[in-house]
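A quick write-up on the structure given underneath.
The values are calculated or read from the model by the stated rules, or taken from the named source; none is laboratory data. What you see is a predicted model, and the numbers here were worked out from it, not measured in a lab. Every residue, glycine as well, gets a Cβ built from its backbone with ideal geometry; the counts of neighbours run over all protein chains shown.
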Amino acid sequence: MALEVLPEESNRCVRGCCRSATIPLDLRSASFSLLAPIARGSESTVYEALLGGERAAAKKPVLSTAEDLDKFHYQLQLLCKLDHPGLAKLIAAHAHPPAYLMFFDFFEPPNLAEKIHVEEWIPSIQQVVTMASDLAKALQYLQILGVVHRDIKPANILLDKDLHPYLADFGLAMFQKDIKRVSVENWKSSGKPTGGFHKKNMVGTLIYMAPEILRKDIHTEKSDVYSFAISINELLTGVVPYTDLRAEAQAHTVLEMTYTEQQLTAAIVSQGLRPALALPESGAPPTLLSLIQRCWDPDPEKRPSFEDIIDELNIVQKHIVSNASVPSSPVSKTQNGTIEVHHYQEALNWFNQGELFVKGSSRSDLKNLWSDCFDQSSEYHPTLSWGSFATCGRRETMEDTHFVLPHVSEENDVFAFGIFDGHRGSAAAEFSVRAVPGFLKQFGQGASPTDALSEAFVRTDIAFREELILHRKSKRIIQKDWHPGCTAITALIVRNKLFVANAGDCRAILSRKGKPFLLTKDHVASCPNERERVTKAGTEVKWQIDTWRVGSAALQVTRSIGDDDLKPAVTAQPEVIETALSADDEFLVMASDGLWDVVSNQDVLSIIKDTVKEPGMCSKRLATEAAERGSKDNITVIVVFLRPVSTAERIY
Ligand SMILES: Nc1ncnc2c1ncn2[C@@H]1O[C@H](COP(=O)(O)OP(=O)(O)OP(=O)(O)O)[C@@H](O)[C@H]1O
Ligand SMILES: [Mn+2]
Ligand SMILES: [Mn+2]
């Protein structure tokens, strides 16, 4: 039997104050029946019920005074306005004497409190973060409507069979504006809040109540943030707040396991007591623990908003996914498998961030990357061997990264090599070394190699700058004026065609007919064309100290990934060159400016001629030579032989 909804004008409660276009508010008694009680709370009894033949939950409040009745109508009005997938939905009401009932979608027990403490469920970190994020979204929705819930706790979180959370129990919920109004009226009438007012505003469940509530201040959405944090920590630890004192130091304070409510209140308010935080050994990421702590800060102003919380949980989630499922990447390994790039441990793992940006989208099969681009029959087939070497040089930190990706495509002879030279930190270089090859594969499905390279640079730049914004917002980046960037070079070999994309001052050369053949142009402010381009794009280029430099950041390069303070002038758009390889081409050398600053193109060729014909050795020799000649920078070199190297040549 379907429920009938009257036209909106007549679908209202008996007083006429509650209205809805979709939720029947004037049920006939014949359309429902109450079955067994599920829970008896202080202010209501919840029954399992049948409504129009379907299972529902019916909440029957205790109504003993006129004020209780006002509260019922207030709650009903509020519930009529709510519609969000993370909230237990009101589906009907009976608001007539003698029966006052609210009907909700039915959720099988257990609720979250029972799930944690009766079933002793131990969720994975992933589950905790997902649940926290779902709840935060529901709470953000309430916050946007101006509603504060005021009773967030696991017992008010219902679960469906997939363990998705639904926030329930709007028995104490109020529009923020009404809470304020009460306060102002009280101050006006008597000069200070009355006792009655205090009592009315101090609602909720003690152990989840924020210090400002315990101090009898006004409840705001930041008080909900506090209760949310206590609940999430309870989910992480499986411990009812304040029942288990793991920190020895605390055991000697007020809480000797048997504190009174007053003592607990005093400790929370004036001594900053909080439940025992989940331990890092539990596998909870430090970022999550720090988020919880900031959410229960004594100062409501310092607590993050639900919007911030959602952003941060997103980041936490990405990290968990990446740590669980990303195998060690082929990136940054040499031919013989030794890892050369050091993974600098920072608070943020920018390598993972970069990988995650393209993960999922690039999973599609890589068999046909550029397979139909060229005629395969008559062409020259280069025979490739490669190696790389990277060194910090005289610098204290390594801001270069590189990748060597020999089998981009499974069927074809497709190879990719890239170097990223970071400045103002290594973040952009770390991000790009994962994101560029990922995007390249992704765009290789549809675009030409040239377009795929361009697109990979541009998209990596956008993705990185978006990520920075997100981290700034979530306060994981607190340094002001931190605008990391990197120059980038990527060579793509598709059978006999070589493509090189460059943005910045890394360089690639070929040894062609025994002479250096320059594949890239340095994008630096001392190059007049680039200087003009940057100036036209609206950023100043000035002679500073020793050379032309861009903007107030005084950057020497005019193209890069990142550097968000200098966008769009310092573009990530690369110049891409295409050349057909032939028997004239002996080898390809790519390197960061740490090499080119002190070793000329011609010298590079000569050094390789004098070195054992093994690409890894050649790379190392070049880098060492640069260091000896006084290079002050990080140095990264990739050498790719394009012709077979005879064993005799290899060992002399
Ligand atoms: N829609 C529902 N489906 C199934 N069970 C429900 C539903 N709504 C509430 N319950 C159960 O009833 C319990 C009490 O509901 P609710 O919190 O809304 O009532 P209450 O009287 O406000 O309780 P209290 O104020 O003590 O928290 C919940 O913890 C939950 O276990
Ligand atoms: Mn409840
Ligand atoms: Mn309640």
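Of the residues Leu167, Leu145, only one is closer than 20 Å to Asp308 by Cα and within 15 Å of ligand 2 (Cβ to nearest atom); which?
Numbers: Leu145 fails: within 15 Å of ligand 2 (Cβ to nearest atom).
The match here is Leu167.
The single residue among Ala136, Ala113, Ala99, Ala132 that is at pLDDT below 95, out of contact with any Gly (no Cβ under 8 Å at 6 or more places or on another chain) and within 26 Å of Leu214 (Cβ to Cβ) turns out to be Ala113.
Quick one: is Leu159 within 15 Å of ligand 1 (Cβ to nearest atom), at pLDDT 95 or above and assigned by TED's automatic domain parsing to the domain that holds Ala267? For Leu159, the condition - within 15 Å of ligand 1 (Cβ to nearest atom), at pLDDT 95 or above and assigned by TED's automatic domain parsing to the domain that holds Ala267 - is met. Screening Asn111 on (1) within 13 Å of Glu234 (Cα to Cα); (2) surrounded by 19 or more Cβ atoms within 10 Å (Cβ to Cβ); (3) within 16 Å of ligand 3 (Cβ to nearest atom) shows it passes everything except condition (1).
Is segment 139-149 home to any residue that is in the same structural domain as Ser231 (by TED's automatic domain parsing), at positive phi and away from ligand 1 (no atom under 16 Å from the Cβ)? Spell out how you get there, then give the answer.
The first filter runs over segment 139-149 and keeps only residues in the same structural domain as Ser231 (by TED's automatic domain parsing), leaving 139-149.
Imposing the further condition that a residue be at positive phi reduces the set to 146.
So of that shortlist, the ones also away from ligand 1 (no atom under 16 Å from the Cβ) come out as 146.
Checking segment 139-149: at least one residue is in the same structural domain as Ser231 (by TED's automatic domain parsing), at positive phi and away from ligand 1 (no atom under 16 Å from the Cβ).
Conditions (1) closer than 19 Å to Asp597 by Cβ; (2) touching a Gly at 6+ places or on another chain (Cβ under 6 Å); (3) touching a residue at least 12 places away in the same chain (Cβ under 8 Å), marked per residue:
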| residue | (1), (2), (3) |
| --- | --- |
| Thr539 | no, yes, yes |
| Thr547 | yes, no, yes |
| Leu555 | yes, no, yes |
| Gly562 | no, yes, yes |
| Lys567 | no, no, yes |
| Pro574 | no, no, yes |
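Is it true that Ser124 is free of Cβ contacts under 8 Å to residues at least 12 places away in the same chain and more than 15 Å from ligand 1 (Cβ to nearest atom)?
Details: free of Cβ contacts under 8 Å to residues at least 12 places away in the same chain: yes; more than 15 Å from ligand 1 (Cβ to nearest atom): yes.
Considered against the rule, which asks whether it is free of Cβ contacts under 8 Å to residues at least 12 places away in the same chain and more than 15 Å from ligand 1 (Cβ to nearest atom), Ser124 comes out as yes.
Close Cβ contacts (under 7 Å, 6 or more residues apart or on different chains) running from residues in segment 400-411 that are acidic (Asp, Glu) to residues that are assigned to a strand (DSSP E or B) comprise Asp400/Ala390; Asp400/Ile419; Asp400/Phe420; Asp400/Asp421; Asp400/Gly422; Asp400/Thr636. Considering the conditions (1) within 16 Å of ligand 2 (Cβ to nearest atom); (2) surrounded by 13 or more Cβ atoms within 10 Å (Cβ to Cβ), Leu34 is excluded by exactly one of them, (1).
Out of everything in segment 22-40 that is within 16 Å of ligand 3 (Cβ to nearest atom) and free of Cβ contacts under 8 Å to residues at least 40 places away in the same chain, what residue ends up being nearest to the chain's Cα centre (by Cα)? Result: Ala39.
Does Asp169 satisfy the criteria of being over 30 Å from Pro286 (Cα atoms) and within 16 Å of ligand 3 (Cβ to nearest atom)? Show your work before the answer.
Working: over 30 Å from Pro286 (Cα atoms): yes; within 16 Å of ligand 3 (Cβ to nearest atom): yes.
Criteria met by Asp169.
Pairing residues of segment 144-167 that are under 21 Å from Leu236 (Cβ atoms) and outside any loop (DSSP other than H, G, I, E, B) with residues that are within 11 Å of ligand 2 (Cβ to nearest atom) and among the β-branched types (Val, Ile, Thr), at Cβ distances under 9 Å and at least 6 apart in sequence or on separate chains, gives Ala155/Thr205; Asn156/Thr205; Pro165/Ile157; Tyr166/Ile157; Leu167/Ile152; Leu167/Ile157.
Tell me which residues, restricted to segment 512-523, are surrounded by fewer than 22 Cβ atoms within 10 Å (Cβ to Cβ) and either in contact with a Ser or Thr (Cβ under 6 Å, 6 or more places away or on another chain) or closer than 13 Å to Leu605 by Cβ (or both). Before you say what the answer is, go through the steps one by one.
Taking segment 512-523 as the starting set, the residues that turn out to be surrounded by fewer than 22 Cβ atoms within 10 Å (Cβ to Cβ) are 512-518, 521-522.
If the condition is that a residue be surrounded by fewer than 22 Cβ atoms within 10 Å (Cβ to Cβ) and either in contact with a Ser or Thr (Cβ under 6 Å, 6 or more places away or on another chain) or closer than 13 Å to Leu605 by Cβ (or both), then Arg512, Lys513, Gly514, Lys515, Pro516, Phe517, Leu518 are the ones that fit.
Confirm whether Lys71 is at pLDDT 90 or above, basic (Lys, Arg) and under 23 Å from Leu3 (Cα atoms). When the stated conditions are applied, Lys71 does not pass them. Within segment 402-419, is even one residue assigned to a helix (DSSP H, G or I), assigned by TED's automatic domain parsing to the domain that holds Pro574, crowded, with 20+ Cβ neighbours inside 10 Å and not hydroxyl-bearing (Ser, Thr, Tyr)? Within segment 402-419 (the criterion being assigned to a helix (DSSP H, G or I), assigned by TED's automatic domain parsing to the domain that holds Pro574, crowded, with 20+ Cβ neighbours inside 10 Å and not hydroxyl-bearing (Ser, Thr, Tyr)), the answer is no, since none of the residues qualifies.
Per-residue answers, yes or no, for (1) buried (at least 16 other Cβ atoms within 10 Å of the Cβ); (2) within 15 Å of Ile91 (Cβ to Cβ); (3) within 15 Å of ligand 2 (Cβ to nearest atom):
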{"site": "Ser42", "(1), (2), (3)": "no, no, yes"}
{"site": "Ala49", "(1), (2), (3)": "yes, yes, no"}
{"site": "Asp68", "(1), (2), (3)": "no, no, no"}
{"site": "His73", "(1), (2), (3)": "yes, no, no"}
{"site": "Leu79", "(1), (2), (3)": "yes, yes, yes"}
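Within segment 83-95, one or more residues are more than 41 Å from the chain's Cα centre (by Cα) and not hydroxyl-bearing (Ser, Thr, Tyr). Looking across Ala435, Ala447, one residue alone is closer than 19 Å to Arg495 by Cβ and in the same structural domain as Gly418 (by TED's automatic domain parsing). It is Ala447.
Against the test of being in contact with a helix residue (DSSP H, G or I) (Cβ under 8 Å, 6 or more places away or on another chain) and more than 18 Å from Gly485 (Cα to Cα), the options Ser526, Ser511 yield a single qualifying residue, Ser511. The test for being modelled with pLDDT of 90 or more and of a type outside the set (Asp, Glu) does not hold for Pro193.
Which of the residues belonging to segment 96-114 are under 18 Å from Ser227 (Cβ atoms) and part of a helix (DSSP H, G or I)? Of everything in segment 96-114, those that are under 18 Å from Ser227 (Cβ atoms) and part of a helix (DSSP H, G or I) turn out to be Leu112, Ala113. Just a yes or no: is a residue in segment 114-126 of a type outside the set (Val, Ile, Thr) and within 16 Å of ligand 3 (Cβ to nearest atom)? Within segment 114-126 (the criterion being of a type outside the set (Val, Ile, Thr) and within 16 Å of ligand 3 (Cβ to nearest atom)), the answer is yes, since at least one residue qualifies.
Which of the residues that make up segment 1-60 are among the β-branched types (Val, Ile, Thr) and within 16 Å of ligand 1 (Cβ to nearest atom)? Break it down stepwise before answering.
Initial filter on segment 1-60 (among the β-branched types (Val, Ile, Thr)): 5, 14, 22-23, 38, 45-46.
Ile23, Ile38, Thr45, Val46 - these are the residues of segment 1-60 that are among the β-branched types (Val, Ile, Thr) and within 16 Å of ligand 1 (Cβ to nearest atom).
Only one entry in Thr450, Thr401 is touching a Gly at 6+ places or on another chain (Cβ under 9 Å), at pLDDT 90 or above and of a type in the set (Val, Ile, Thr), namely Thr401.
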